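Before any comments, here is the structure.
Please treat every number below as a calculation from the coordinates, not as lab data. This is a predicted model, so every value here is computed, not measured. Here Cβ is always computed from backbone atoms with ideal geometry, including for glycine, and neighbour counts include all displayed protein chains.
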């Protein structure tokens, strides 16, 4: 239920703006980095859902300590377009949004790999 309210808040707080511009090559590259890291986080978190008996737990407060594989997939199914739409709707902050997402995801993926989780597709 927390996930639902969090998503609803993000959707309602994002306004659709008429003035937008094309993405620069640098912004596109940052978008690819953020997307790749989101995919890597999804994959390692999926691996964790099968290893709760080994004392693993999720630290993302939106997911709770022991989300199911379906909850993890839904979270990322919503997160990826939310990141893209936020970056697209706020072109003056596009690069910063994508860099912030990349930094957070890099930390999450690095931590997951350090804990012994691996990519699971």
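Measuring nothing but alpha carbons in region 33-73 and taking Rh as the Kirkwood radius, the Rg to Rh ratio lands at 0.97.
Remark: the residue 90-residue 55 segment gains 8.6 nm on full extension, using 0.36 nm per residue and subtracting the alpha carbon distance. For the listed peptides 85-95, 30-40, 48-58, a ranking on the average number of other beta carbons within 10 Å per residue, highest first, reads 30-40, 85-95, 48-58.
Listing 75, 118 from fewest to most neighbouring C-beta atoms within 10 Å gives 118, 75. In percent, rounded to a whole number, the relative contact order of region 27-114 is 43, using alpha-carbon pairs under 8 Å and six or more apart. For the pair region 101-121 / region 19-94, the C-alpha centres are spaced 11 Å from each other.
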